[in-house]
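No lab work stands behind these numbers, since they all come straight from the coordinates. Predicted model, so just to flag it, every value in this text is computed and none were measured. Methodologically, a virtual Cβ is constructed for each residue, glycine included, from the backbone with ideal geometry; neighbour enumeration extends over all protein chains shown.
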Amino acid sequence: MSSIGQPYVPFGDGDELPVVKDQLRRAIIAERDKRSPRERERSALDFAQVVGDLDEVRGATTVAAYASRANEPGMVPLLDRLAGRGARVLLPVLGTGLQRQWAWLTSTDELEQRAPGRPPEPPGPTMDAEVLAQADAVVVPALAVDTSGQRLGHGGGWYDRVLEHVRPGVVVLAVVWPEEIYDVDTHPLPVEAHDRKVDGVATPSGWRMLPV
């Protein structure tokens, strides 16, 4: 395996934060691409155990999660574990343009990548973001999280908007690789007004709650 680093883009007052974010996203994705398929497959099982064993997730009747892209931490074993114990699982469905909806997971065997670069999706029917109010736990993708709870996503602010529908007190957990947790005191992530913090972060080796 190639050595995996923690890229960083310094920024200050007056810098264009969307530009800084895009530069950091590209650098992190380049590091993610260094992982072998074998390592990703093995780590997916670890993620399933770490996230699935959390009290907030294990006790949830309904979990909002996501199906991962090729270079993201693998989610299929976790989705199978949740469905296998009887939890209802909500997954995002990407529509035309910026339209985003949700659908219930029926089986991971039915997940389908409908266009290059898009994550796999369940067949539907689809529902609007208000359905997230049913979730007892929420698992979200991230490219990085800092120790204050700030999350760097893929851009567009979609999760920042839909998380407004999550009930107060429901834990929102980001899933990242270990080096994608940044120390806010030395390497804070660029933050815009619309950015929504997460409550915790999970890696293949463990998890931690974050001050929000």
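Could you tell me the center-to-center distance, by alpha carbons, between segment 74-148 and segment 1-47 in angstrom? Spelled out, the Cα-based centre of one part sits 22 Å from the other. Against the chain, whose longest principal axis comes from its Cα atoms, helix 37-52 is set at around 70 degrees. Give, as ranges by residue number, the residues of segment 125-158 whose backbone N falls under 14 Å from the point 7 Å along Cα→Cβ of D185. The answer is 147-148, whose backbone nitrogens lie closer than 14 Å to the label point. In this structure the amide hydrogen of V175, modeled in the peptide plane, comes within under 5 Å of the amide hydrogens of V140, A142, A202, none closer than 5 places in sequence on its chain.
Can you work out the FRET efficiency for the pair E130 and H154, with r the C-beta to C-beta distance and R0 = 25 Å, to the nearest 0.05?
Once rounded, the FRET efficiency stands at 0.65.
Once the Cα atoms are used to define both axes, helix 17-32 deviates from the longest principal axis of the chain by about 70 degrees. For R100, nonlocal amide neighbours, meaning residues 5 or more places apart or on other chains whose placed amide H falls under 5 Å from its own, are G95. With a Förster radius of 30 Å applied to the beta-carbon distance between R85 and S205, the computed FRET efficiency rounds to 0.85. A crude spin-label estimate for the pair R35 and V19, with each label 7 Å from Cα along the Cβ direction, gives 3.1 nm. Straightening the chain between T106 and E164 buys 18.3 nm, computed as 0.36 nm per residue apart minus the Cα-Cα spacing.
Collect residues whose amide H, placed 1.01 Å from N in the peptide plane, falls under 5 Å from the amide H of S68; neighbours closer than 5 in sequence don't count. For S68, the qualifying residues are M75, V76.
Between R42 and L94, full extension at 0.36 nm per residue minus the direct alpha carbon distance yields a gain of 16.0 nm. 3J(HN,Hα) couplings calculated from phi for segment 169-185 with the Karplus curve 6.51 cos²θ - 1.76 cosθ + 1.60 (θ = phi - 60°) are, in sequence order, x, 7, 6, 10, 10, 9, 10, 9, 7, x, 6, 8, 9, 9, 6, 5, 6 Hz; Gly and Pro show x. Indicate the gyration tensor shape class of segment 21-117 (rounded, prolate or oblate), computed on the Cα atoms with a ≥ b ≥ c the square roots of the eigenvalues: a/c under 1.5 is rounded; otherwise a/b larger than b/c is prolate and the rest oblate. It is oblate, given that a/c is not under 1.5 and a/b is not larger than b/c.
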